[in-house]
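Asker: Dropping a structure here in structure tokens format, bear with me for questions.
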Amino acid sequence: MAFGSFNQQNGSGHTVSEINMIPLIDVMLVLLVIFMITAPMMTHAVKIDLPKANSQAQQATPTEPVNLSIDADGQLFWNQEAVSREQLQQKLALLGSEPDPAELHVRADRDAAYHFVAEALADAANAGVSRIGFVSEPEPM
């Protein structure tokens with residue numbers, strides 16, 4: 001912005017009270033170019049055939065979760081019934097083959113070795129069981 005000249009000798013001393021519009025016009029032209037380039041990119045859409053869905057909620061009957069317990073010695077329990085690892089794999093295969101399988105709740109003893117829990121989870125994953133929850137007890141206050 002120009003308010004006067006640097007020449008002190010001519011003594012005119014009047015200030016220029018006009019706004020310099022050149023930088024403002026430059027900024028506006030740059031913004032115009034940016035918007036001209038980006039606007040077509042934002043309106044670009046991919047044509048896809050979306051599936052039709054019913055907006056009403058379906059009443060699914062909740063299934064009772066299956067409890068898988070592992071004690072400190074690595075013994076497996078399917079709903080409080082002792083099972084071997086082979087029997088567990090068979091039961092998990094049946095559970096994984098259902099169209100709407102129940103959730104598997106894993107309860108592991110605090111002192112159970114990690115590899116017992118990891119083996120049970122690997123068996124569940126291999127059987128196709130995807131709804132797995134871990135159950136713990138809150139600490140007493």
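The values are calculated or read from the model by the stated rules, or taken from the named source; none is laboratory data. Predicted model only: the values in this text are computed from it and were never measured. Please note: Cβ atoms are built from the backbone with ideal geometry, for glycine as well, and neighbour counts cover all protein chains shown.
Asker: Name the residue that is surrounded by the fewest Cβ atoms within 10 Å (Cβ to Cβ), counting only residues in segment 85-115 that are in a helix (DSSP H, G or I) and within 29 Å of the chain's Cα centre (by Cα). Don't jump to the end; show me each part of the working.
Answerer: If we filter segment 85-115 for residues that are in a helix (DSSP H, G or I), which is where we start, we get 85-97, 114-115.
Now narrow it down to the ones that are within 29 Å of the chain's Cα centre (by Cα): 92-93, 95-97, 114-115.
Details: Leu92: 23, Ala93: 15, Leu95: 20, Gly96: 17, Ser97: 11, Tyr114: 8, His115: 10.
That would be Tyr114.
Asker: Also, quick follow-up: Restricting attention to segment 116-141, which residues are in a helix (DSSP H, G or I) and of a type outside the set (Gly, Ala, Ser)? I'd like the intermediate steps shown before the answer.
Answerer: Initial filter on segment 116-141 (in a helix (DSSP H, G or I)): 116-127.
If the condition is that a residue be in a helix (DSSP H, G or I) and of a type outside the set (Gly, Ala, Ser), then Phe116, Val117, Glu119, Leu121, Asp123, Asn126 are the ones that fit.
Asker: Another one. Look through segment 111-141, keep the residues that are charged (D, E, K, R) and in contact (Cβ under 8 Å) with a residue 24 or more places away in the chain, and return whichever of them is farthest from Leu68 (Cα to Cα).
Answerer: As a first pass, look at segment 111-141 and keep what is charged (D, E, K, R): 111, 119, 123, 131, 137, 139.
In the following step, the residues that additionally are in contact (Cβ under 8 Å) with a residue 24 or more places away in the chain were identified as 111, 119, 123, 131.
Values: Asp111: 16, Glu119: 12, Asp123: 12, Arg131: 13 Å.
Ranking the candidates gives Asp111 first.
Asker: Only one of Val46, Val16 is part of a loop (DSSP other than H, G, I, E, B), at pLDDT below 90 and surrounded by 10 or more Cβ atoms within 10 Å (Cβ to Cβ). Can you tell me which? Before the answer, list the steps.
Answerer: Details: Val46 fails: surrounded by 10 or more Cβ atoms within 10 Å (Cβ to Cβ).
Checking each option against the conditions leaves just Val16.
Asker: On to the next question. Restricting attention to segment 69-80, does a residue exist that is within 36 Å of the chain's Cα centre (by Cα), hydroxyl-bearing (Ser, Thr, Tyr) and modelled with pLDDT of 90 or more? Spell out the reasoning first.
Answerer: If we filter segment 69-80 for residues that are within 36 Å of the chain's Cα centre (by Cα), which is where we start, we get 69-72, 74-80.
Narrowing further to those that are hydroxyl-bearing (Ser, Thr, Tyr): 69.
Adding the requirement that they be modelled with pLDDT of 90 or more leaves 69.
Yes, segment 69-80 has at least one match.
Asker: Could you figure out which of (1) modelled with pLDDT of 90 or more; (2) under 32 Å from the mean Cα position of the chain (by Cα) isn't true of Val33?
Answerer: If we test Val33 against (1) modelled with pLDDT of 90 or more; (2) under 32 Å from the mean Cα position of the chain (by Cα), just (2) comes out false.
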